[in-house]
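Participant: Before anything else, here's the structure in question.
Derivation of every value follows stated rules applied to the coordinates shown; laboratory data play no part. Please read all numbers here as calculations on a predicted model, not as lab measurements. When we count neighbours, we look across all protein chains shown, and the Cβ atoms used for this are built from the backbone with ideal geometry, even at glycine.
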Ligand code: V3L
């Protein structure tokens with residue numbers, strides 16, 4: 001699909017796009033007005049808090065990142081840790 005919006009998580013100096021599967025889950029949770037969305041990212045469980053726009057590692061809540069839903073055309077570092085060259 002060519003969706004207008006995508007979900008992003010914060011990197012060191014810019015934003016990464018979520019992988020497509022996670023993006024679908026986040027869109028679904030967002031459109032259903034759910035408070036949270038649970039994601040399995042590279043074998044690690046994260047809670048995405050959609051009210052405060054943060055992603056939190058479930059087994060270590062000190063590990064958190066800002067997230068945002070923004071235009072798909074936004075310049076980003078890449079997708080889920082895969083860099084755009
Ligand atoms: N999707 C994919 N990997 C993730 C995600 C996610 N939503 N969240 C965390 N990780 P933490 P720079 C990121 C990875 O938050 O140079 C990037 O994708 C995370 O990967 O402490 O700082 C890059 O691969 C990290 O490797 O739980 O911008 C990498 O950081 C690991 O999970 C470097 O990006 C621990 O993250």
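Participant: Hey, any idea what Rg/Rh is for the chain, computing Rh the Kirkwood way over Cα pairs?
Facilitator: 0.94
Participant: Quick check on the exposure proxy: order 62, 73, 44 from fewest to most C-beta atoms within 10 angstrom.
Facilitator: 62, 73, 44
Participant: Next question, about the same structure. Quick one: length gained pulling residue 72 to residue 34 fully straight, 0.36 nm per residue minus the C-alpha distance?
Facilitator: Going from the current span to full extension adds 11.5 nm.
Participant: Let me ask something else. Per residue of the chain, what 222 nm ellipticity follows from adding -39500 (n - 2.57) for every DSSP H run with n ≥ 4, rounded to the nearest 500?
Facilitator: -4500 deg cm²/dmol
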